[in-house]
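Below is one structure, written out as structure tokens; the observations come after it.
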Amino acid sequence: MLAIAGSPSFAGISVSPLKQELTVKPGQMGRTAITVSNNRRSESDVAQVVTLEAMDVAVSEEGALNFHRAGSFKTSASKWITLEKDTLTLQPGESQTIQATVKVPLEARGEFYSAIMATLESPSNASKGIVVTCRIASGIFLTVPGQSFPRQARITRCELLWPQDASAPTQPAEAVPARPTIAVVIQNTGKARFEASGKIRIRNKDSRTVFTAPLTSCRPCVFGGDSRLFEAPLDQALPAGKYTLRVELDYQSAWTKARYDLPLEITSEQAELSAPRHKEGSKGGGSPLEIMPDPVVCAAAPGAYRCLKVTIKNTSEQSLQCKASVLTETVGTEDWVAIQPAAFHCPAGASKILELLVRIPTEAPKGRHSLSLVVDGMTEDGRTSSAKVPIEVNLQAVKPDESPRASD
């Protein structure tokens, strides 16, 4: 699912669906549609002008989306797309559905991608005078039959990253994990995209399994030729010694999985980093980070948008540099929640309010969907802590006289 918003908290623009799968034969024409809405958030809302454009999309190794002009990549479908309209004026609460035509060249075969970008023409003013542009995209995944491409992949990187010791040379904050983390990069060496999932297992010198964990990524869908980072935090203390790290990633091949074995030697200093007593504690001896509410509950209908506020409290006597992330437990919810801000400074004894920006796809199945909010903190001397609370998204049918609310 493709979605990007410069700051959804300043505007109520939304698109549906967020992802579309199309199959069109060579030389033929396909049709699809996108619905753009100006969601009412308050009585002071005004009409908004939205522009639409077909753009190419690229995904970084970390899963970040980047958009480029049509025709920038060989797998682009953007130049084949014609939009019924490219400019809309939407009153508060109004939605418009725009038809799109996809004309596939006769010689095309394989998988192609595009994104219909909706951009709010009236920028918003954030704090400190920063101008924020709101935009959100609907991804189009196009399959042109006529040639089959097997799924192929290999693991190109596997390492255990440790928090930086206070005596070590200073590194950029984003390059240093807040806690010991296994980092694995899988490369799609074929032309067919896949959804990857996997796990890690650590065995001691006696071949006894001492730790297991799932590998997660903010965007597990990997296009042909792309690479993607998957991670698993090492949140269990391991004594110094020699180990073997086994990685297994499923990339939807009917024949095999991607596997990798990495010998590990944990020193006494590294064992200290993974030990619970190394973590900065509150009076009760646990994590100094508190997340409220616990759990975070969101009741919504498919296609709705929510802005949930969560309070992070630092109960310790030291300032913390924090990073917040969302782990998905239900398949298909990977892009439902964005965090603002995702990285922040929290002084000793202070609190920070985060916004969880929840966008539910129109086609999302009703029922209960499970995610988790994780906040990692690091002190100036390298001590780490972590807090985790569940996020429960309960999807229900829309009542005839009910329209989706903008926020809770």
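Amide H contacts of Gly110 (H built 1.01 Å from N, in plane; Pro and chain starts excluded): Val144, Gln147 sit under 5 Å, all sequence-distant by 5 or more or on other chains.
Scattering from region 8-144 was approximated by placing one identical point on each alpha carbon and applying the Debye formula without solvent; log10 I(q)/I(0) at 0.13, 0.21 1/Å stands at -0.59, -1.23. Gly30 sits among other residues whose Cβ lies under 12 Å from its own Cβ, and their net charge, with Lys and Arg +1 and Asp and Glu -1, is +2. Counting charges near Glu21 (Lys, Arg +1; Asp, Glu -1) among other residues having Cβ under 12 Å from its Cβ returns a value of 0. In summary, the aspartates and glutamates within cross-link reach of Lys85, defined as a Cα separation below 19 angstrom excluding same-chain residues under 8 places away, comprise Glu53, Asp56, Glu94, Glu121.
In terms of distances greater than 18 angstrom between alpha carbons, the cross-link table entries Lys25/Lys103; Lys74/Lys103; Lys74/Lys257; Lys309/Lys366; Lys313/Lys352 yield Lys74/Lys257; Lys309/Lys366.
Computed from the coordinates by the stated procedures, all read-outs in this text should not be read as laboratory data. On a predicted model such as this, the values are computed, not experimentally measured, just so you know. Cβ: placed from backbone, ideal geometry, glycine included. Neighbour counts: every protein chain shown.
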